[in-house]
Amino acid sequence: MYMETVRISSDVYYIGVNDRTTHRFEAMWPLPSGVSYNSYLVCGRDKAAIIDGVEKACAQEQIEHIRAILGDRRPDYLIINHMEPDHSGAISLLRQAFPGIRIVGNLQTLNMIKGFYGIADDTLKVGNGDTLELGGGVDLTFYLTPMVHWPETMMTYLATEQTLFAGDAFGCFGALNGAVLDTDMNTDRYFPEMVRYYSNIVGKYGVFVQKALACLEPLTVTTICSTHGPVWRRQAAKVIDLYDRLSRYQPLDNGVTIVYGSMYGNTERMAEAAAQTLAAEGVRDISVLNASVTHLSYILAEAFTHRGLIIAAPTYSDTLFPPIAAVMEGLVTRNLRNREIAVFGGCTWSQRAAKILQEYLQALDTEGVVPPVAFKQAPDAGALDAARDAARTLAHKLID
Ligand SMILES: Cc1cc2nc3c(=O)[nH]c(=O)nc-3n(C[C@H](O)[C@H](O)[C@H](O)COP(=O)(O)O)c2cc1C
Ligand SMILES: [Fe+2]
Ligand SMILES: [Fe+2]
């Protein structure tokens, strides 16, 4: 809490806040390093515009930032790029603090503001390509980028500074530790957190992210102001490239994610056998994750990172072991594609796990590198060999 305001360029200030208190973003995704709700103030000669709000609990801090910069002057506009309440929660409090401020959004935004907050007055509806002039050549242009990751999402572009206010796009988990601009920090910690944010929250909408990237293609963007994480300048191109690859469901490397569920260690032995074979075959990035221990958030991020995927699970109460069912639902929901996958299913009396995993393979639009490997009770030498054979076949797909 209570960051200093930071000037990002001659007309743009950072007025966002850090949240190191919330445990789970969207009540689901762990925040071990917090998250920032970024907001910006763009000052023209005549008018000043806030771009995006913050979480409701953080509104007072944002208001103080605005007052510190503007003094007695009032902000004229509140541009809403995205209505998810991590950004829109502060709207009512901002209106109370700055009466008469006009809320700028597209048709869908304005409908949602009415539904969430009962606000229908002092609004300005904008469409794709519309421009809002703040005076002195400071013009903001709006680009509608629906379904990144809500229907109303749009982006705002400031041509004079080649700056894109991108909403959640290019965002990541992790609060800002002192610096705001990527030029002033080591950003290594934020890249895995961008993959995690993307895979958890935006992952389903790769097709729409691609549409948004195509729409932004004609713009020269040298600074990306996302609503979460650092402002990207030094590494703006790297961040755009990462989003492009993730949204095309392209893996980032030729590693393998092994996700297993195991109550008494039998299925785990299959996963271990596969991991050792992959390593012996030359695969260098292998993550072995116990779905009962590692949060789904990190499992999804690994699956979006590596080209290879092995899922191993026992049968439980005549269905798939529930923690693995949650993983499979998570992958199918996000339309994960372009992966080389093998599945192992165990049981003691009725083989359901292998069968259900096979159905999930179809939902992921793949036959798998080998047919599902089924085993009973403790895996015998034959079962372990089948796991090793599957891993070898997978390794060859990745390395050849
Ligand atoms: C609570 C519970 C329910 C189970 N339900 C089934 C089942 O419905 N059908 C089946 O064939 N095996 C069932 N099993 C047996 C396991 O699927 C099987 O023993 C498996 O090999 C366990 O692997 P693990 O040691 O990796 O947990 C169940 C086991 C437990 C503990
Ligand atoms: Fe969002
Ligand atoms: Fe957000």
message: Report for the chain the percent antiparallel among DSSP-assigned beta bridges with both residues inside it, nearest 5.
response: 45 percent
message: Probe of 1.4 angstrom, ligands and nucleic acids ignored: what's the accessible area per residue over the chain, in square angstrom?
response: 40 Å²
- prompt: With the dipole of segment 6-247 worked out from charges on the C-beta (+1 for Lys and Arg, -1 for Asp and Glu) around the Cα centre, which of Trp232, Pro75, Tyr143 lies farthest toward the positive end?
  reply: Trp232
task: Please label the shape of segment 157-292 as rounded, prolate or oblate, based on the square roots a ≥ b ≥ c of the eigenvalues of the alpha-carbon gyration tensor (a/c under 1.5 means rounded; beyond that, a/b larger than b/c means prolate, else oblate).
output: prolate
- request: Take the alpha carbon gyration tensor of the chain, find the square roots of its eigenvalues, order them as a ≥ b ≥ c, and report rounded if a/c is under 1.5; if not, report prolate when a/b exceeds b/c, else oblate.
  value: prolate
Residue among Gly345, Pro192, Leu94 farthest towards the positive dipole end of the chain, charges placed on Cβ: Gly345
task: Measure off 7 Å from each Cα along the Cα-to-Cβ vector at Lys56 and Arg234, then give the distance between these two points in nanometres to one decimal.
output: 3.9 nm
statement: Excluding ligands, DNA and RNA, the carbon-plus-sulfur percentage of the accessible area of segment 277-380 with a 1.4 Å probe reads 48 percent
- request: At 7 Å along the Cα-to-beta-carbon direction for both Leu219 and Thr294, put a label point, then send me their distance in nm to one decimal.
  value: 3.5 nm
task: Evaluate the charge dipole of the chain about its Cα centre and quote only its size in Debye, nearest 20, assuming +1 on the Cβ of each Lys and Arg and -1 on the Cβ of each Asp and Glu.
output: 260 debye
- request: Would you mind classifying segment 138-203 by shape? Square roots of the alpha carbon gyration tensor eigenvalues, ordered a ≥ b ≥ c; an a/c under 1.5 is rounded, otherwise it is prolate if a/b is larger than b/c and oblate if not.
  value: oblate
query: Which of the helices in the chain meet the span-like rule: DSSP H, Cα axial reach of 30 Å or more, Kyte-Doolittle mean at least 0.5?
result: none
message: For the pairs Lys56/Lys211; Lys355/Lys376; Lys211/Lys238; Lys56/Lys204, flag any whose C-alpha to C-alpha distance is greater than 21 Å.
response: Lys56/Lys211; Lys56/Lys204
task: On the protein heavy atoms, probe 1.4 angstrom, tell me the percent of accessible surface of segment 11-137 carried by carbon and sulfur.
output: 46 percent
statement: Dividing the helical contributions, -39500 (n - 2.57) per DSSP H run of n ≥ 4, by the residues of the chain yields a 222 nm value, nearest 500 deg cm²/dmol, of -10000 deg cm²/dmol
message: Under 10 Å, Cα contacts only: if you run a Gaussian network model on the chain, which one of Tyr198, Tyr316, Tyr37 comes out with the highest mean-square fluctuation?
response: Tyr316
message: With +1 on the Cβ of every Lys and Arg and -1 on the Cβ of every Asp and Glu, and nothing else charged, how large is the dipole of segment 155-255 about its Cα centre, in debye rounded to the nearest 20?
response: 220 debye
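The values are calculated or read from the model by the stated rules, or taken from the named source; none is laboratory data. Because the structure is a prediction, the values reported are computed rather than measured. Don't worry about glycine lacking a Cβ; one is built from the backbone with ideal geometry, like all the others, and counts go over all protein chains shown. Note: areas computed on protein heavy atoms with side chains; ligands, DNA, RNA excluded. Shrake-Rupley method; radii C 1.70, N 1.55, O 1.52, S 1.80 Å.
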